[in-house]
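Note sheet for the following structure.
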Amino acid sequence: MAAASSSDSDSGRAESSEASSKWLDAHYDPMANIHTFSACLQLADLHGDGEYKLVVGDLGPGGQQPRLKVLKGPTVLSESPLPALPAAAATFLMEQHEPRTPALALASGPCVYVYKNLRPYFKFSLPQLPPNPLEQDLWNQAKEDRIDPLTLKEMLEGIRGKAEVPLSVQSLRFLQLELSEMEAFVNQHKSKSIRRQTVITTMTTLKKNLADEDAVSCLVLGTENKELLVLDPEAFTVLAKMSLPSVPVFLEVSGQFDVEFRLAAACRNGNIYMLRRDSKRPKYCIELSAQPVGLVRVHKVLVVGSNQDSLHGFTHKGKRLWTVQMPAAILTMNLLEQRSRGLQAVMAGLANGEVRIYRDKALLSIVRTPDAVTSLCFGRYGREDHTLIMTTRGGGLIIKILKRTAVFVEGGGEAGPPPAQAMKLNMPRKTRLYVDQTLREREAGTAMHRTFQADLYLLRLRAARAYAQALESSLSPVSATAREPLKLHAVVQGLGPTFKLTLHLQNTSTARPILGLLVCFLYNEGLYALPRAFFKVPLLVPGLNYPLETFVESLSDKGVSDIIRVLVLREGQSAPLLSAHINMPVSEGLAAA
Amino acid sequence: MAEQRLAMRTQFPASAESLKPRLKKAPEFPILEKQNWLIHLHYIRKDYEACKDVIKEQLQETQGLCEYAIYVQALIFRLEGNIQESLELFQTCAVLSPQSADNLKQVARSLFLLGKHKAATEVYNEAAKLNQKDWEICHNLGVCYIYLKQLDKAQDQLHNALHLNRHDLTYIMLGKIHLLEGDLDKAIEIYKKAVEFSPENTELLTTLGLLYLQLGIYQKAFEHLGNALTYDPTNYKAILAAGSMMQTHGDFDVALTKYRIVACAVPESPPLWNNIGMCFFGKKKYVAAISCLKRANYLAPFDWKILYNLGLVHLTLQQYASAFHFLSAAISFQPKVGELYMLLAATALSFFVAVALTNLDDTENARRAYAEAVRLDKCNPLVNLNYAVLLYNQGEERGALAQYQEMEKKVNLLKDSSSLEFDPEVSEEHPSSQSHHLFLWSQSPLWKRNQLKHQHK
């Protein structure tokens, strides 16, 4: 009964949430085979026909088959293989003149591939990094055979130890080699000039000189050697270069390049650095003391998700405004912008299969998905203005459309006291018997108390007697005397008729060795035979465990067993120091034979 | 066909390198950091399996030269609890780039986690030479010094850390040092600053609230605990502390609703069930009180406060044999600490034992218990009064008279210093202690009963 009623209420709740939901389910394909990050999702009107397409830089299953996919509605419009894994995708306008179709840029390895009309248009490669001059010099010497491999190795190691500029791959490889391989390696590679190449880690766009929505934009690249580059949209030359204290992971830019812009870079050391137009180095720094998992700017607030399951809001000067705790790990974040209502909010995909939408610290909505969302974006898709596109951990694709009537109100999520407050306390029940006993105690409390006390004293007396007896006859396995602190325990191995009896004797004193101990076995000679019933113990060094082995032959074939007593004695004393009773097992060997 | 055509499209014209004919042998070296970004993205998303796959691939390709891959592998090892392996990998990283303070920091962190605090401080000092403006190094050095019991040095380092960059964690550690030194005022000072710096940190708010509670500044305590609960309505510590304050004021129903939240989150907490039990006791639902207290006792069998409360409830129910049983257990577990409230508790315990024994007609032991209570007690006239009654009933009128006079002396003393005022005491981790003392002095029906007895005579 209870189960049925609860399921009823569940379905009722589901229905009501369906009706009040702000989202229309447009498409769900769990087998879409899209594995990507939010940075590689872009919505753009690629053909200039007002029909927005979805561009996906797909890493492929297991990151093995990188592909560029373009989706129109639920179907894949085109798919082309990529030379390397895409790190980021961006769409931007390259020039002023018509037709104003945006170009698509894909950052991958050290290059940016630019497509126009979905056709390859240009490939930009990051400039080579300057090699270490000392290293260059050394290889030049090697080229002219003026230096032998061993010296070369020593010199290179010296450079690696203290130089500012790191070594090239060639030198690092060389340093790993064995002596025999060096010669060949130098001969093979000495003619090549040494090169240092870096890769792009992140990319975003920045308006060039106009704030309009369809203004020409520059590409901003973050590189593995801790630099930020701004590229000219037409000539693809480096317009500006800024350096950071760590490798950038996420970028967030606002403003125009020619006028004034602010740039926030979340880096691998857990810090977020803020730069302005004129600054070559970061102006402000937010120390998160955790790794950022997403960076989104909402109006003037920087929203950062940290890998400690929390969302923080910061001003652009790095002052913390608020913190919200999430119920699960944040996997990805992106901006939700509803221009018609002037709403900007943050979407966060969580590991528990929720997508939460926050305006500042107020929860606006929760979208529940069948699988954890690993990338998401919101915007115009097809001809629908407000579309939410999500891809899941298993490679699924979910498209939802925001209802035109939907209004986000604060408190749309959780509000009021936590649901646990309404739960009944799980109290242990008391039985009738308990109540009866209570009544009996009230009536006959005195008698119960006396009986209890008498029994308690008896128990204590017996325990004390047994203890005294054990002490008197040294029955305990641990000796109590101060002169010979000893510990004994015995192990019997075997099935019979022959057993192995091992006595573990340990001197527990801190420093004094013990000398002159004897071991004696007392047993029924009709049942057991021991090779030696009495022997001397070697000197016992403190702390060590001495296993003393002896064999026991069971003589009886009637399946009876007995106790063997072990006594540890001091030479010249008749009272044992300690003793152990060993319950011998029944011999199974004879029965089997 | 389609596949082919698409493949054709991706041939890029402008690339200078690809057009160059392949120069005979000398193979190109892969870029070491090629997939660092991918490793990092997987790592921060806690997708450790995928991360390990990429790391393996990258290390194979670069023959173990990719420092970042090793670094993240070590971080994952550490998260998985393989601290020794992670330490070794971090040391490899430190060899690959000896100038990086970050690698040294991680080596030190792993040493710290292995409990080698001395070695960790050495490595941190080394790292501090490479990067002097890192709050994390200072902070962690401070924490290491705490474990090494060098509190002065620890304070210095933590203040340095705060100077470089303020973090909640540093404040918490600094506060802990002051608490270790037993300096409540300084600790409160630190936590106050911390709350000013980050007003939404529930842990700071709760700790500050509890400290105020310990000092008996209830208004401020309740304020801070309340704030903590606004930001996090499920904060276990804050609810328990606030609940015990509500109990003090007799708001048992409100306290019980709050406890429900905790019961959901931490169903096996002994202080929680103790407090719930005392709530029911306050509401005169004795059976419920006993079952809750017994659960608390089951969960923490050596906690004398729970045993004490159980004894109290049984005494109220006139189950003297059980009451004696629990109270004597409480006495044997009670820590012998010379603090005032411990003394009060000890007095009360011996007194209750005496009352139980009186009711069980065990006069000899009852007298001994009274004697002990009188010895420990400093200001409570009722102890003497009850002792006097017992002695009188035994026919020892002289002894009874002496106790009666003692009582009168105390009563006069109390009259001079206005009303019955007792030191309200609370231990930090055990917000329950307060509630039961309250019951002890004002609500226990036993006191009244004994008073009546006296009047009858």
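Observations on the model:
- Scope segment A:309-328; condition of a type in the set (S, T, N, Q) and either within 11 Å of another protein chain (Cβ to nearest Cβ) or assigned to a strand (DSSP E or B) (or both); matching residues: A:Ser310, A:Thr323, A:Gln325
- From the options A:Leu104, A:Leu82, residue that is more than 26 Å from A:Ala215 (Cβ to Cβ) and within 14 Å of chain B (Cβ to nearest Cβ): A:Leu82
- Number of positions in segment B:35-55 that are under 21 Å from A:Gly109 (Cβ atoms) and part of a loop (DSSP other than H, G, I, E, B): 1
- Those residues of segment A:142-164 which are more than 13 Å from B:Leu96 (Cα to Cα) and surrounded by 15 or more Cβ atoms within 10 Å (Cβ to Cβ), in sequence order: A:Ala142, A:Lys143, A:Ile147, A:Pro149, A:Leu152, A:Lys153, A:Met155
- The listed residue being modelled with pLDDT of 90 or more and either acidic (Asp, Glu) or part of a helix (DSSP H, G or I) (or both), out of B:Gln58, B:Gln84, B:Gln73: B:Gln73
- If you check A:Arg268, A:Arg276 for being among the charged types (D, E, K, R) and either on the phi > 0 side of the Ramachandran plot or within 14 Å of chain B (Cβ to nearest Cβ) (or both), only one passes: A:Arg268.
Residues checked against (1) in contact (Cβ under 8 Å) with a residue 24 or more places away in the chain; (2) of a type in the set (A, V, I, L, M, F, W, C):
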| residue | (1), (2) |
| --- | --- |
| B:Asp47 | no, no |
| B:Cys51 | yes, yes |
| B:Glu57 | no, no |
| B:Tyr71 | yes, no |
| B:Gly81 | no, no |
| B:Gln84 | yes, no |
| B:Ser97 | yes, no |
| B:Ser100 | yes, no |
| B:Glu122 | no, no |
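- Summed over segment B:281-297, the residues that are more than 9 Å from every other protein chain (Cβ to nearest Cβ) and either surrounded by fewer than 24 Cβ atoms within 10 Å (Cβ to Cβ) or at positive phi (or both) give a count of 6.
- Residue among A:Leu134, A:Leu126 that alone is more than 13 Å from every other protein chain (Cβ to nearest Cβ), in contact (Cβ under 8 Å) with a residue 12 or more places away in the chain, of a type outside the set (S, T, N, Q) and more than 22 Å from A:Thr374 (Cα to Cα): A:Leu134
- Selection within segment A:25-51 - in contact with a helix residue (DSSP H, G or I) (Cβ under 9 Å, 6 or more places away or on another chain) and not in a loop (DSSP other than H, G, I, E, B): A:Ala39
So that you can scan it fast, the table gives a plain yes or no per residue for (1) aliphatic (A, V, I, L, M); (2) open to solvent by less than 70 Å² (accessible area, probe 1.4 Å); (3) modelled with pLDDT of 90 or more; (4) under 24 Å from A:Ser38 (Cα atoms):
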residue: A:Ala235; (1), (2), (3), (4): yes, yes, no, no
residue: A:Pro245; (1), (2), (3), (4): no, yes, no, no
residue: A:Pro248; (1), (2), (3), (4): no, yes, yes, yes
residue: A:Leu251; (1), (2), (3), (4): yes, yes, yes, yes
residue: A:Cys267; (1), (2), (3), (4): no, yes, yes, yes
residue: A:Gly270; (1), (2), (3), (4): no, yes, no, yes
residue: A:Tyr273; (1), (2), (3), (4): no, yes, yes, yes
residue: A:Arg277; (1), (2), (3), (4): no, no, no, no
residue: A:Arg281; (1), (2), (3), (4): no, no, no, no
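- Selection within segment A:239-278 - farther than 30 Å from B:Tyr43 by Cβ and among the β-branched types (Val, Ile, Thr): A:Val259
- Subset of segment A:237-271 that is of a type in the set (A, V, I, L, M, F, W, C) and in a loop (DSSP other than H, G, I, E, B) - its residue that is farthest from A:Pro127 (Cα to Cα): A:Val259
- Unmet requirement for A:Cys520, which otherwise passes all of (1) surrounded by 14 or more Cβ atoms within 10 Å (Cβ to Cβ); (2) hydrophobic (A, V, I, L, M, F, W, C); (3) in contact with a Leu (Cβ under 8 Å, 6 or more places away or on another chain); (4) not in a strand (DSSP E or B): (4)
- Take the conditions (1) open to solvent by less than 70 Å² (accessible area, probe 1.4 Å); (2) part of a helix (DSSP H, G or I); B:Lys153 misses just one of them, which is (1).
- B:Ala354 satisfies every condition listed in (1) within 39 Å of the chain's Cα centre (by Cα); (2) open to solvent by less than 20 Å² (accessible area, probe 1.4 Å); (3) modelled with pLDDT of 75 or more; (4) among the aliphatic types (A, V, I, L, M) except (3).
- Every condition in (1) away from chain B (no Cβ under 11 Å); (2) open to solvent by 60 Å² or more (accessible area, probe 1.4 Å); (3) without any contact (Cβ under 8 Å) to a residue 24 or more places away in the chain holds for A:Pro99 except the one numbered (3).
- Qualifying residue in segment A:186-194 (condition: within 29 Å of A:Ala266 (Cβ to Cβ) and within 10 Å of chain B (Cβ to nearest Cβ)): no
- Entry remark, segment A:272-296: residues being among the small types (Gly, Ala, Ser), assigned to a strand (DSSP E or B) and more than 25 Å from A:Leu350 (Cα to Cα) number 0 in total.
Matching residues to (1) closer than 24 Å to A:Pro166 by Cα; (2) more than 10 Å from every other protein chain (Cβ to nearest Cβ); (3) open to solvent by 60 Å² or more (accessible area, probe 1.4 Å):
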residue: B:Ser97; (1), (2), (3): yes, no, no
residue: B:Leu104; (1), (2), (3): yes, yes, no
residue: B:Leu113; (1), (2), (3): no, yes, yes
residue: B:His117; (1), (2), (3): no, yes, no
residue: B:Val123; (1), (2), (3): yes, yes, no
residue: B:Ala128; (1), (2), (3): yes, yes, no
residue: B:Asp134; (1), (2), (3): yes, no, no
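- Considering residues of segment A:165-185 that are outside any helix (DSSP H, G or I), closer than 21 Å to B:Glu61 by Cβ and open to solvent by less than 60 Å² (accessible area, probe 1.4 Å) only, the residue nearest to the other protein chains (Cβ to nearest Cβ): A:Ser168
- Each residue in segment B:381-410 was checked for being surrounded by fewer than 19 Cβ atoms within 10 Å (Cβ to Cβ) and in contact with a Ser or Thr (Cβ under 7 Å, 6 or more places away or on another chain), and 1 pass.
- A:Glu549 falls short on exactly one of the conditions (1) exposed (fewer than 14 other Cβ atoms within 10 Å of the Cβ); (2) modelled with pLDDT of 85 or more; (3) not in a strand (DSSP E or B), and that condition is (3).
- Residues (open to solvent by 20 Å² or more (accessible area, probe 1.4 Å) and among the β-branched types (Val, Ile, Thr)) located in segment A:370-402: A:Ile401
- Residue identified as in contact with a strand residue (DSSP E or B) (Cβ under 9 Å, 6 or more places away or on another chain), within 14 Å of chain B (Cβ to nearest Cβ) and either β-branched (Val, Ile, Thr) or within 30 Å of A:Ser171 (Cα to Cα) (or both) among A:Thr205, A:Thr223: A:Thr223
- Selected residue (criterion: modelled with the highest pLDDT) from residues of segment A:294-308 that are within 14 Å of chain B (Cβ to nearest Cβ) and open to solvent by 10 Å² or more (accessible area, probe 1.4 Å): A:Leu295
The values are calculated or read from the model by the stated rules, or taken from the named source; none is laboratory data. Small disclaimer: the values here were computed from a predicted structure and weren't measured. Counting neighbours? That spans all protein chains shown, and the Cβs are built from the backbone with ideal geometry, glycine included. Keep in mind that these areas ignore ligands, DNA and RNA; they rest on the heavy atoms of the full protein, side chains included. Shrake-Rupley method; radii C 1.70, N 1.55, O 1.52, S 1.80 Å.
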